[in-house]
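What follows is a single structure, written as structure tokens, with notes after it.
The values are calculated or read from the model by the stated rules, or taken from the named source; none is laboratory data. Every value quoted in this text rests on a predicted model; they were computed, and no experiment measured them. Heads up, the Cβs are rebuilt from the backbone with ideal geometry, glycines too, and the neighbour counts pull from every protein chain shown.
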Amino acid sequence: MAPTIAAAGPNSIAKKEEEEELRKRNQELERELKESREREEQMRKDFVYKKRALHIGSSITTIFLRQSKKKQSKKMAPTKAVADPKSIAKKEEEEDLRKRNKELERELKQSREREEGMRKQLTEAWERLKVVEEAEERLCSQLGELEAESVNEARAYNARILSLMDQLSKANLVVNNHPSPTPLSIL
């Protein structure tokens, strides 16, 4: 008798859906991370290009910068360098995405570990069930043999009783049919 595995329950369906959502989100995060890296690479290229341009024309740039500083010092008060709010927001968003991606990866890993644990438990239960079924078959076989033996012994016992009853009835007839007062020996 082979056991059948029950159809997937609502928990396993929910887990599969959750894993599918995690996979989709992970793909989205990877795509966004790739785009962010491409933007970062483009920024590096721009920086290298500008740095080379500065190096090549350093003398011209130096003169131009000195003149512009003089003009700025006359026209404007000095200002602090402020980061672009969009770039800050993008960096924060990227950092949030990286954190979320790590969380998703951790959750997915835990889910896979739980699934693997359940598979191991199912395999162990299946093996125990096989052992129990084999033991049940052996016990049934032994029980059948014992029943056959007990039926044979009961028949033999019944035949012996019938034989003894027949002998007893014959002996009783001999005793009752014998007219002499002398005792008879049955044996």
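Among residues belonging to segment 8-30 that are under 22 Å from L122 (Cα atoms) and of a type in the set (A, V, I, L, M), point out the one that is modelled with the highest pLDDT.
I13
Can you tell me which of E92, E113 is at pLDDT below 95, of a type in the set (D, E) and closer than 30 Å to K16 by Cβ?
E113
Mind checking whether some residue in segment 60-79 is within 30 Å of E21 (Cα to Cα) and either out of contact with any Ser or Thr (no Cβ under 9 Å at 6 or more places or on another chain) or modelled with pLDDT under 90 (or both)?
No: zero hits.
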